[in-house]
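These notes are about the structure you will find just below.
Read the figures in this text as sums done on the coordinates, not as results from a lab. All values reported here derive from a predicted model rather than from experimental measurement. As a convention, Cβ positions derive from the backbone with ideal geometry for all residues, glycine included, and neighbour counts pool all protein chains shown.
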Amino acid sequence: MVLNEQDRELIAAIQGGLPLVAKPYAAIAAQLGLTEDEVLTRLETLQTAGLIKRMGVVVKHRALGYRANAMVVWDIPADEVERIGALLADEACVTLCYQRPRRLPAWGYNLFCMIHGRARDSVLRRLEQIVACHGLEKFPHTVLFSSRSFKQRGAHYVETDSRQKHLRRSHG
Amino acid sequence: MDSIDASIVNRMQEGLPVCPRPFDDVAATLGLSVDELLSRLQRLLDDKVLTRFGPMFNAENMGGALSLCAMQVPVNRYEQVTAEVNAFPEVAHNYERDHLLNMWFVLATEHPEQAGVVIRQIEQKTGCQVYDMPKQEEFYIGLKLAV
């Protein structure tokens, strides 16, 4: 679907978060000069079209005590990546699982999964169990822990800056 | 953070309905008043346990693009390069990781063709090569982060 100007204004108004009040959509409607029904109907359309996955929260793993954030990367042959991606994604401790391109020679891994845990040693133990349980020893893999997190925010999809808006229009 | 907060975090991850009073059902399920739920949510946001309550977008369906990028940043310039990279509004997350490629960030752009432009700007600004690894396939994960 193509976003119209009203959709863009609506998305710009909610992408940073909804107000924490009993009737948040009424508050957004008042801000945009729409009715609550118009806001709800449009959001349902955006959700049905798959642009919005859900209305929810983003949890910061670190603040919850999940301090070990491991990116486990694998070098898996093309004909196996589908099967192994699916079985990794099924593991309870895996929170993301993606196939990505290799960047040779600097980077030879094509399957990425995130494992969050409270400590590095428990994450590594869990990974050992996963490797043993599924017979993944033959596939090269490595673990990249994060030492520091510098920026964590939701992506913004609509520029709210008027200059950017103008540029976008002028580009058609 | 107590057990009620933990239940709120777990329940909220499932998402809320798009309806006039979206918090009512959650509050009822948890045995809280809406006011108490909202004040606890506000505290979880203030404490930065949660980042925001709002829409979770599907970047591709929005017409935009998300890519994971990595750079090999000289250790003695790490702080400076971090500041330079984070100054780009398209950079959504940035982690230091223990590997030769030691800086990993997510680039979110409104249009796919902007990603290449921003990557070249980051390379020019930092003098470091950016390895761009957009996702080719996402393997489905349920919501299962139990607090």
Practice problem: Report relative contact order for the range A:62-145 in percent, whole number only (criteria: Cα-Cα under 8 Å, sequence separation at least 6). | Solution: 43
Self-check item: the range A:88-154 and the range A:1-24: distance between their alpha carbon centers, rounded to Å
Solution: 34
Quiz item: Span-like helices, chain B: DSSP H, alpha-carbon axial extent 30 Å or more, mean Kyte-Doolittle 0.0 or greater, which ones?
Solution: none
Self-check item: In degrees, nearest ten, helix A:78-89 long axis to first principal axis of chain A (Cα)
Solution: 70
Quiz item: For the range A:1-153, what is the charge dipole size about the Cα centre, in debye to the nearest 20, if Lys and Arg each add +1 at the Cβ and Asp and Glu each add -1 at the Cβ?
Solution: 840
Exercise. Over the residues of the range B:65-134, compute the C-alpha Rg and express it relative to 2.2 N^0.38 Å.
Key: 0.99
Quiz item: Which FRET efficiency value, to the nearest 0.05, is calculated for A:Lys138 and B:Ser39 with the Förster distance at 45 angstrom and r the Cβ-Cβ distance?
Solution: 0.25
Self-check item: For A:Cys133, B:Cys69, A:Cys113, order by how many other beta-carbon atoms lie within 10 Å, fewest first
Solution: A:Cys133, B:Cys69, A:Cys113
Exercise. Using Cα positions and a limit of under 15 Å, work out the aspartates and glutamates in reach of A:Lys53, with same-chain residues fewer than 8 apart set aside.
Key: A:Glu44, B:Glu14, B:Glu60, B:Glu138
Quiz item: Along the range A:127-142, what does the Karplus equation 6.51 cos²θ - 1.76 cosθ + 1.60 (θ = phi - 60°) give for ³J(HN,Hα), rounded to whole Hz, x for Gly and Pro?
Solution: 4, 4, 5, 4, 4, 5, 5, 9, x, 9, 4, 6, 9, x, 8, 8
Practice problem: Evaluate the charge dipole of the range B:3-46 about its Cα centre and quote only its size in Debye, nearest 20, assuming +1 on the Cβ of each Lys and Arg and -1 on the Cβ of each Asp and Glu. | Solution: 40
Quiz item: Can you pick out the pairs among A:Lys23/B:Lys48; A:Lys138/B:Lys135; A:Lys60/B:Lys135; A:Lys23/A:Lys60; A:Lys23/B:Lys135 whose Cα atoms lie more than 29 Å from each other?
Solution: A:Lys23/B:Lys135
Quiz item: Just how large is the dipole of the range B:65-134 about the Cα centre, in debye to the nearest 20, putting +1 at every Lys and Arg Cβ and -1 at every Asp and Glu Cβ?
Solution: 140
Exercise. Would you tally the net charge around A:Glu137, using a Cβ to Cβ cut-off of less than 14 Å, leaving A:Glu137 out, and scoring K and R as +1, D and E as -1?
Key: -2
Practice problem: Please work out the Cα center distance from the range A:49-69 to the range B:73-121, rounded to the nearest Å. | Solution: 21
Quiz item: Once both axes come from the Cα atoms, what is the angle between helix A:36-48 and the longest principal axis of chain A, in degrees from 0 to 90, rounded to 10?
Solution: 30
Self-check item: Mean Cα-pair separation over length for the range B:65-134, i.e. relative contact order, pairs under 8 Å, 6 or more apart, %
Solution: 47
Quiz item: Straight-line reach from B:Lys125: which aspartates and glutamates have Cα under 13 Å away, leaving out those fewer than 8 places along the same chain?
Solution: B:Glu84
Exercise. Could you line up B:Met103, B:Met56 from fewest to most neighbouring Cβ atoms inside 10 Å?
Key: B:Met56, B:Met103
Practice problem: Return, for the Cα atoms of the protein assembly as shown, the radius of gyration and Dmax in Å, separated by a comma. | Solution: 20.6, 60
Practice problem: Name the residue farthest towards the positive end of the dipole of the range A:1-100 from the options A:Leu51, A:Cys93, A:Leu34, assuming +1 on Cβ of Lys and Arg, -1 on Cβ of Asp and Glu, about the Cα centre. | Solution: A:Cys93
Quiz prompt | Amide N of the range B:72-97 lying under 15 Å from the label point, which is placed 7 angstrom from the Cα of A:Ser149 along Cα→Cβ | solution = B:92-97
